[in-house]
Amino acid sequence: MVIKAASAEAQHRPSSHGSVPPEPTFAVLDPLTAVPLRLHVNGVTREVSVEPWTTLLDALRERMKLTGTKKGCDHGACGACTVMIDGRRVLSCLTLALSARDGAITTIEGLAGSDGTLHPMQRAFVEHDALQCGYCTPGQIVSAVAMLAEVDQGCPSAATDPSRPFTGREDLDEHEIRERMSGNLCRCAAYQNIVAAVREVAETTAPGDA
């Protein structure tokens, strides 16, 4: 909001308390220029130039052309933009690029092997037809990979029975998977197949492999 300066007469009029009136306040237009930034993405150090308000999502898509990460709601509500920073899932549309400069960022492009071999979670999504339009799929897959890592670390969820210890993948039933993946929306409603894909990977891979 721009606050207009008071008139010259008002500026010099003594206040009723005899004190000197405050100096007028102005809104200062101070454009922030782009700054150089080094990000560690999918095992590669990338140098980009971003404005301080640039989100990690926009830095990935617009500056690095890593368009696998999708822009959905841009409000952190749909999960389409999910990436990992140091193995933990984050919403890149709500994360400033500058705040990610010290972390190891993994996007959907970084899950497959260097020879193009698909990650187990990617294969499972294909085999179980856990996608339709595919727009939410990158975020779903990245979120599922990070979610299994959380499970392997023994992190409970809102669906976990508080009356007994959480034992990891042994307790990862459909109810747990749905709760843990609830931040990723699928407008095509492929949830049943998504759950099946996650369960297969949880049951057929060892901790650390998926």
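FYI, it's all coordinate maths here, none of it is from the lab. Every value quoted in this text rests on a predicted model; they were computed, and no experiment measured them. Virtual Cβ from ideal backbone geometry, glycine too; neighbours counted across all protein chains shown.
By average Cβ neighbour count within 10 Å, what is the ranking of 151-162, 74-85, 187-198, 115-126 from highest down? Write down the numbers at each step before the final one.
Details: 151-162: 13.8, 74-85: 20.8, 187-198: 18.8, 115-126: 16.7.
Output ranking for 151-162, 74-85, 187-198, 115-126: 74-85, 187-198, 115-126, 151-162.
In this calculation the C-beta distance from GLN153 to THR45 is compared with R0 = 30 Å, giving a FRET efficiency of 0.65. Remark on THR55: its backbone amide H falls under 5 Å from those of ALA97, a criterion applied only to residues 5 or more positions apart or on other chains, H modelled at 1.01 Å from N. Extending 7 Å from Cα along the Cβ direction at THR205 and again at ALA77 yields two label points whose distance is 3.1 nm. Residues whose amide H falls under 5 Å from that of VAL50, counting only those 5 or more places apart or on a different chain, are VAL35, LEU37, with hydrogens built in the peptide plane. In this label model, THR167 and ASP102 are separated by 3.9 nm, measuring between points 7 Å along each Cα→Cβ vector.
What net charge is computed for the residues neighbouring ASP74, neighbours being all others with C-beta under 12 Å from the C-beta of ASP74, Lys and Arg scored +1, Asp and Glu -1? Intermediate results must be reported in sequence, preceding the final value.
Working: positive: ARG61, LYS70, LYS71; negative: ASP58.
Charge balance near ASP74 sits at +2.
Give the whole-number value, in cubic angstrom per residue, of the convex hull volume spanned by the C-alpha atoms of segment 61-107. Don't skip to the answer; put the middle values down first.
Values: hull volume 3.3 nm³, N = 47.
Spread over its residues, the Cα hull of segment 61-107 gives 70 Å³ apiece.
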